[in-house]
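Trainee: Please read through the structure below; I'll follow up with questions.
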Amino acid sequence: MFEGFANVWTPVTLARRLKAGAPLAVTLAGEKLVFFRGADGTAGALLDRCPHRGVALSLGKVKDGCLECPFHAWQFEPGGACAHVPLNPDAKRERLFATALPTREAGGLLWVYTAPVKQAPHELVVPETLTRPGLARTYLELEWNAHWSRAMENMLDSPHVPFLHEKTIGRFVRPYLKRDSSMEIGWEDTSYGAKLSSIIDGDSSRDAGFLEFYRPNMMVLTIPIPKQTFRMHSLCVPAEQNRVRMVIVGARSFATLGLLNPFFNWSNRRIANEDRAVVESSFPVEVPPAADERSVRTDKATLQFRRYYFETLKPSTA
């Protein structure tokens, strides 16, 4: 289950997609899930198959805070417990549970822990700019025909910015580059992942912002604006095989009128599409072991991610 992506907290999709009174089917790392809201509005996630005859629970309906299977109308609570079995008042319902995953709703996103356990061994860590009051936020969800590991590496890769994005965000870096320029990549381990830096030609006084890696699949870019907050959160969520759900959340303390959100999302989509064309062309589709590709000094961040990927998420293939 969740091969290569097990035992981690991950965002799955935008919380606004989950409407009260209706199930939401989503695929995560090849596993079909169904979200629904209980009687108190709390979101729950089950594997999208009934324990009775394997029917997709997402074809059913939400009734009295339970998800009702469309086949025989068995009902399940958000935590997986079987609440009702029609025509069988003597059924031992404690043995008829559906498989539930630990679920949270935070920062406008639905999260799950990718293991069928009642309680995750640790709580999820959410960047504070996803939840801090007073910030305006934009939400964009896209799908790429790519493996999530390639998308994640791309998000951690600073050296490509002035070239691939020369017409957008890269135009702020290009004026400082010379043919013999040198970039130093820093990687500082943190409790949640890492903090990354990139310095061109040894000039650390130039504040170009910094990246953070939140394990397993989130990049946060801090864009420096005096006395303001401006951050981009890029989440690379594995969906079906070799397909990644890109969730991009912007958070800002300025220009907070909602009327401006379409402009920010237009800009985010434009930049993401520049990345998409390149990432979708990568071969092999999934990141290979480091020795299988040629790398240089400025690949430090992506090589660190590969170490984490193969040593922690896919240790059997390291």
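Trainee: Being assigned to a helix (DSSP H, G or I) and farther than 30 Å from VAL296 by Cβ is the requirement here; does THR129 meet it?
Mentor: Values: assigned to a helix (DSSP H, G or I): yes; farther than 30 Å from VAL296 by Cβ: yes.
The answer is yes for THR129.
Every residue, every condition in (1) surrounded by 14 or more Cβ atoms within 10 Å (Cβ to Cβ); (2) without any contact (Cβ under 8 Å) to a residue 40 or more places away in the chain, yes or no:
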residue: THR131; (1), (2): no, yes
residue: THR138; (1), (2): yes, no
residue: GLU141; (1), (2): yes, no
residue: TRP144; (1), (2): yes, no
residue: TRP148; (1), (2): yes, no
residue: MET152; (1), (2): yes, no
residue: LEU156; (1), (2): yes, no
residue: PHE163; (1), (2): no, yes
residue: GLY170; (1), (2): yes, yes
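Trainee: From SER204, SER198, grab the single residue that is of a type outside the set (Lys, Arg), part of a strand (DSSP E or B) and more than 22 Å from the chain's Cα centre (by Cα).
Mentor: Working: SER204 fails: part of a strand (DSSP E or B).
Residue meeting the stated conditions: SER198.
Trainee: Could you tell me how many of the residues in the stretch 90-101 are assigned to a loop (DSSP other than H, G, I, E, B) and either free of Cβ contacts under 8 Å to residues at least 40 places away in the same chain or of a type in the set (Gly, Ala, Ser) (or both)? Give the derivation first.
Mentor: We begin by selecting, within the stretch 90-101, every residue assigned to a loop (DSSP other than H, G, I, E, B); these are 90-92, 96-99.
Then keep just the ones that are either free of Cβ contacts under 8 Å to residues at least 40 places away in the same chain or of a type in the set (Gly, Ala, Ser) (or both); that gives 90-92, 98.
Final tally of qualifying residues: 4.
Trainee: Give me the residue from the stretch 1-26 that is within 27 Å of GLN75 (Cβ to Cβ), hydrophobic (A, V, I, L, M, F, W, C) and touching a helix residue (DSSP H, G or I) at 6+ places or on another chain (Cβ under 9 Å) and, out of that set, surrounded by the most Cβ atoms within 10 Å (Cβ to Cβ). Lay out the reasoning, then the answer.
Mentor: Quick first cut of the stretch 1-26, residues within 27 Å of GLN75 (Cβ to Cβ) only: 1-2, 12-26.
Those left that are additionally hydrophobic (A, V, I, L, M, F, W, C): 1-2, 12, 14-15, 18, 20, 22, 24-26.
Narrowing the set further to residues that are touching a helix residue (DSSP H, G or I) at 6+ places or on another chain (Cβ under 9 Å) leaves 24-26.
Values: LEU24: 19, ALA25: 13, VAL26: 21.
Going through the qualifying residues, I end up with VAL26.
Trainee: Further question on the same structure: Hey, among PRO288, PRO216, which residue is part of a loop (DSSP other than H, G, I, E, B), in the same structural domain as ALA151 (by TED's automatic domain parsing), surrounded by 17 or more Cβ atoms within 10 Å (Cβ to Cβ) and out of contact with any Leu (no Cβ under 6 Å at 6 or more places or on another chain)?
Mentor: Working: PRO288 fails: surrounded by 17 or more Cβ atoms within 10 Å (Cβ to Cβ).
On inspection, the qualifying residue turns out to be PRO216.
Trainee: Related question: For GLY44, which of the numbered conditions (1) under 27 Å from GLU123 (Cα atoms); (2) over 23 Å from the mean Cα position of the chain (by Cα) fails to hold?
Mentor: Going through the list (1) under 27 Å from GLU123 (Cα atoms); (2) over 23 Å from the mean Cα position of the chain (by Cα), GLY44 breaks only (2).
Trainee: Output the number of the condition that ARG276 fails; it satisfies all remaining conditions of (1) over 26 Å from ARG306 (Cβ atoms); (2) under 21 Å from the mean Cα position of the chain (by Cα); (3) of a type in the set (Lys, Arg).
Mentor: Status for ARG276: all satisfied but (1).
Rundown of residues vs (1) touching a Gly at 6+ places or on another chain (Cβ under 7 Å); (2) over 22 Å from PHE172 (Cα atoms), yes/no style:
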position: ASP201; (1), (2): no, no
position: MET218; (1), (2): no, yes
position: PRO226; (1), (2): no, no
position: LEU235; (1), (2): no, yes
position: ALA239; (1), (2): no, yes
position: ALA255; (1), (2): no, no
position: ASN261; (1), (2): no, yes
position: PHE264; (1), (2): yes, no
position: THR302; (1), (2): no, yes
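Trainee: Restricting to the stretch 103-129, name every residue that is hydrophobic (A, V, I, L, M, F, W, C) and free of Cβ contacts under 8 Å to residues at least 24 places away in the same chain. Step through it out loud before you land on a result.
Mentor: Looking only at the stretch 103-129, we keep the residues that are hydrophobic (A, V, I, L, M, F, W, C), and these are 106, 109-112, 115, 117, 120, 124-126.
Answer for the stretch 103-129, where residues must be hydrophobic (A, V, I, L, M, F, W, C) and free of Cβ contacts under 8 Å to residues at least 24 places away in the same chain: VAL117, VAL126.
Trainee: Could you look through the stretch 96-124, keep only residues that are touching a Cys at 6+ places or on another chain (Cβ under 8 Å) and of a type outside the set (Gly, Ala, Ser), and pick out the one that is surrounded by the fewest Cβ atoms within 10 Å (Cβ to Cβ)? If you could, list the steps in order and put the result at the bottom.
Mentor: Filtering the stretch 96-124 down to residues touching a Cys at 6+ places or on another chain (Cβ under 8 Å) leaves 96-98.
Imposing the further condition that a residue be of a type outside the set (Gly, Ala, Ser) reduces the set to 96-97.
On the way: LEU96: 18, PHE97: 15.
The selected residue is PHE97.
Trainee: How many of the residues in the stretch 275-285 are surrounded by fewer than 17 Cβ atoms within 10 Å (Cβ to Cβ) and closer than 25 Å to ILE199 by Cα?
Mentor: Qualifying residue count, the stretch 275-285: 1.
Trainee: Quick one: would you say GLU212 is of a type in the set (D, E, K, R) and within 21 Å of ARG132 (Cα to Cα)? Full working, then the answer.
Mentor: Details: of a type in the set (D, E, K, R): yes; within 21 Å of ARG132 (Cα to Cα): yes.
So GLU212 fits the description; yes.
Trainee: Considering the stretch 2-25 alone, what residues qualify as being of a type in the set (A, V, I, L, M, F, W, C), in contact with a strand residue (DSSP E or B) (Cβ under 9 Å, 6 or more places away or on another chain) and closer than 22 Å to GLU123 by Cβ?
Mentor: We begin by selecting, within the stretch 2-25, every residue of a type in the set (A, V, I, L, M, F, W, C); these are 2, 5-6, 8-9, 12, 14-15, 18, 20, 22, 24-25.
From the residues that got through so far, the ones that are in contact with a strand residue (DSSP E or B) (Cβ under 9 Å, 6 or more places away or on another chain) too are 2, 5, 8-9, 12, 14-15, 18, 20, 22, 24-25.
Within the stretch 2-25, PHE2, PHE5, VAL8, TRP9, VAL12, LEU14, ALA15, LEU18 meet the criteria.
The values are calculated or read from the model by the stated rules, or taken from the named source; none is laboratory data. Quick caveat, the model's predicted, so the values are computed rather than measured. Note that we place each Cβ from the backbone using ideal geometry, even for glycine, and neighbour counts take in every protein chain shown.
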